[in-house]
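The values are calculated or read from the model by the stated rules, or taken from the named source; none is laboratory data. Values in this document were obtained by computation on a predicted structure and should not be read as measured data. Ideal geometry is used to build each Cβ from the backbone, glycine not excepted, and the neighbour counts take in all protein chains shown. Remember, those area values only see protein heavy atoms, side chains included, never the ligands or the DNA or RNA. Shrake-Rupley method; radii C 1.70, N 1.55, O 1.52, S 1.80 Å.
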Amino acid sequence: LISRDATPAINGMVVDPRDEEQSITDQLVKGSSKFGIVSLVGMPGIGKTTMAWKLFNCQKVLSHFHCRAWCTVSQGYDKRDLLLEILRGILGLTDEIRQMTNEDLQLKLRQCLLRNRFLIVMDDVWDAGVWNELRNSIPDDANGSRILITSRLRDVALQIGPDIDPHSLRLFSDDESWNLLVEKVFHGEGCPEELLLVGKEIAKKCKGLPLAVVAISGLLQKTEKSRASWGKIAKGLIAEVIEDPKARCMEIFELSYKHLPGYLKPCFIYLGVFLEDKD
């Protein structure tokens, strides 16, 4: 959803997102041949999964690793589901694999990974216990294999990978928020002059959270591109400063919901019956 990501400031200097992405890529494909764990941390909606997905699919990673797999962990994970998800990426799933016991799945995964240089992404990790449950299935052949985790909890990232400092993603600046909004709404065509002031006001009210910018951009795309229409959306965002970016994001989702046609609102609410991260 988000075309670029945010990165920390070092000694007061803001790091170019491309430089940070290159730094993380180098940790994945260069350096020690020892087995390594690389972590991306930050608040919800800041772009951890987006950054991980870009790294997972970049050409340097594709050409460096023999095999790759992605699993989404979340708070209520199931060990069997994770094993199957990783095996799906490494090998593909057959009826025989689906019918295996957990112990056989662990053995199968280990056999598939042995003597291969692999990358496994563990997205949205809440507890170091999930790594403790999977680590016996993941061999260390000292061939440069990597685990890439994303987590909103820095302490969890450090428990899993204490040898490398986690990469902490930062909030966007007002200019970065505005540039992302323009990119999403106008697709490179540039913002009309009459919408500049109100558009920048809307971007600023997203408080630097990339997911909030993307959400409001989706609403603006479906709204008449006039100063009056955009002004109504700007006024719909409460005037008080919300310091919690997650609360700001939820406010924007609520505003987007209010702009849905009546027949779509029940459809949207129905999605609430599904568990997090499930199809």
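Selection of the range 176-212 for residues being without any contact (Cβ under 8 Å) to a residue 60 or more places away in the chain and among the aliphatic types (A, V, I, L, M) yields Leu181, Val182, Val185, Leu195, Leu196, Leu197, Val198, Ile202, Ala203. Among the residues of the range 174-197, those that are part of a helix (DSSP H, G or I), among the acidic types (Asp, Glu) and either open to solvent by less than 20 Å² (accessible area, probe 1.4 Å) or farther than 14 Å from Ala234 by Cβ (or both) comprise Asp174, Asp175, Glu176, Glu183, Glu193.
Within the range 198-224, restricting attention to residues that are farther than 17 Å from Leu180 by Cβ and open to solvent by 50 Å² or more (accessible area, probe 1.4 Å), the residue that is modelled with the lowest pLDDT is Lys222. Taking the condition aliphatic (A, V, I, L, M), surrounded by 15 or more Cβ atoms within 10 Å (Cβ to Cβ) and without any contact (Cβ under 8 Å) to a residue 40 or more places away in the chain, does Val156 pass? Yes. Just name the residue that is farthest from the chain's Cα centre (by Cα) out of those in the range 140-155 that are in a strand (DSSP E or B) and over 23 Å from Cys249 (Cα atoms). It comes out as Arg146.
Within the range 46-58, residues that are buried (at least 21 other Cβ atoms within 10 Å of the Cβ) have Cβ atoms under 6 Å from residues that are small (Gly, Ala, Ser) in these pairs: Lys48/Gly42, counting only partners at least 6 apart in sequence or on another chain.
Of the candidates Thr72, Thr101, Thr94, the single residue that is hydroxyl-bearing (Ser, Thr, Tyr) and surrounded by 18 or more Cβ atoms within 10 Å (Cβ to Cβ) is Thr72. Tell me, please, whether a residue that is in a loop (DSSP other than H, G, I, E, B), open to solvent by 20 Å² or more (accessible area, probe 1.4 Å) and in contact (Cβ under 8 Å) with a residue 60 or more places away in the chain can be found in the range 125-139. So far as the range 125-139 goes, no, none of its residues is in a loop (DSSP other than H, G, I, E, B), open to solvent by 20 Å² or more (accessible area, probe 1.4 Å) and in contact (Cβ under 8 Å) with a residue 60 or more places away in the chain. Answer with yes or no whether Leu62 is free of Cβ contacts under 8 Å to residues at least 12 places away in the same chain, within 24 Å of the chain's Cα centre (by Cα) and open to solvent by 30 Å² or more (accessible area, probe 1.4 Å). Taking the combined requirement at face value, the residue satisfies it. In summary, Gly231 fulfils each of the numbered conditions (1) over 23 Å from the mean Cα position of the chain (by Cα); (2) modelled with pLDDT of 85 or more; (3) not in a helix (DSSP H, G or I) with the single exception of condition (3). Among the numbered conditions (1) assigned to a strand (DSSP E or B); (2) surrounded by fewer than 12 Cβ atoms within 10 Å (Cβ to Cβ), the only one that Ile120 does not meet is (2).
Restricting Leu195, Leu158 to those that are at pLDDT 90 or above and either under 22 Å from the mean Cα position of the chain (by Cα) or small (Gly, Ala, Ser) (or both) reduces the list to Leu158.
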